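Q: Got a structure for you, questions after.
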Amino acid sequence: MSIEKTSSKYEKPIPLKTIDNKPYWDAADQHELAIQSCEDCKRAIHPPGPACPHCGSPTIEWINYGSDVTGTIYSFVMTYVPMLPGFQHDLPTIIAQVEVDQMEGVRITANLINAAPEEVAIGKAVKMTWIDITEDRALPQWALMK
Ligand SMILES: [Zn+2]
């Protein structure tokens, strides 16, 4: 059994590790991206699950893509009211769905950080970056490539 450490400074929800997503978050904690891949149809799978959503195969492997991850903004939302506790200090919160360059068909949703609202647009190039939220947890985020 593992016990999640929580920082007194970090007020936002910390993603829970589950049997399906643990390798994703373990890689994120090391500032790397790991994505499931179907061993039968060879397609990438995200978000993680117990079986391939494309062909139903339960034979899945994890591929680590390292720390050099880029993509293109497919869609985004911007909120000026905090939807969850802890977000009241970084408004507007910009959440981007990004098509990842390194794997076809995978879109990853995460906060877009360090961007002014007027800089954000569909089609813009972004790079994955990680922020350390506790001693042993990190979150993948998107940042505009400038
Ligand atoms: Zn498959």
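The values are calculated or read from the model by the stated rules, or taken from the named source; none is laboratory data. Note that the structure is predicted; figures quoted are calculated from it, not measured. Every residue, glycine as well, gets a Cβ built from its backbone with ideal geometry; the counts of neighbours run over all protein chains shown.
Q: Pairs needed: first member in the stretch 121-138, touching a residue at least 60 places away in the same chain (Cβ under 8 Å) and over 15 Å from Arg107 (Cα atoms); second member anywhere, in a loop (DSSP other than H, G, I, E, B) and of a type in the set (A, V, I, L, M); C-beta distance under 8 Å; at least 6 residues apart or different chains.
A: Ile133/Ile14; Thr134/Ile14; Arg137/Ile14
Q: Taking the residues in the stretch 53-109 that are of a type in the set (D, E, K, R) and over 13 Å from the mean Cα position of the chain (by Cα) as candidates, determine which candidate is modelled with the lowest pLDDT.
A: Here the residue is Asp90.
Q: Another one. Any idea which residue in the stretch 1-11 is modelled with the lowest pLDDT, counting only those that are loosely packed, with under 15 Cβ neighbours inside 10 Å and under 15 Å from Ala138 (Cβ atoms)?
A: Ser7
Q: Oh, and also: Select from the stretch 27-37 the residues that are charged (D, E, K, R) and exposed (fewer than 15 other Cβ atoms within 10 Å of the Cβ) and list them in ascending order.
A: none
Q: Which pairs turn up if I take residues in the stretch 41-58 that are farther than 16 Å from Asp20 by Cβ and look for partners that are more than 10 Å from the ligand (Cβ to nearest atom) and among the aromatic types (Phe, Trp, Tyr) with beta carbon separation below 6 Å, at least 6 apart in sequence or on another chain?
A: none
Q: Turning to a different aspect of this structure: Scan Gly71, Gly56 and give me the residue that is surrounded by 13 or more Cβ atoms within 10 Å (Cβ to Cβ) and either more than 18 Å from Pro117 (Cβ to Cβ) or more than 14 Å from the ligand (Cβ to nearest atom) (or both).
A: Gly71
Q: Also, I was wondering about something else. Met103 versus (1) under 19 Å from Ala138 (Cβ atoms); (2) assigned to a loop (DSSP other than H, G, I, E, B); (3) not β-branched (Val, Ile, Thr): which is the lone unmet condition?
A: Failed condition: (1).
Q: Tell me which residues, restricted to the stretch 30-48, are within 11 Å of the ligand (Cβ to nearest atom) and either aliphatic (A, V, I, L, M) or assigned to a loop (DSSP other than H, G, I, E, B) (or both).
A: Glu39, Asp40, Cys41, Lys42, Arg43, Ala44, Ile45
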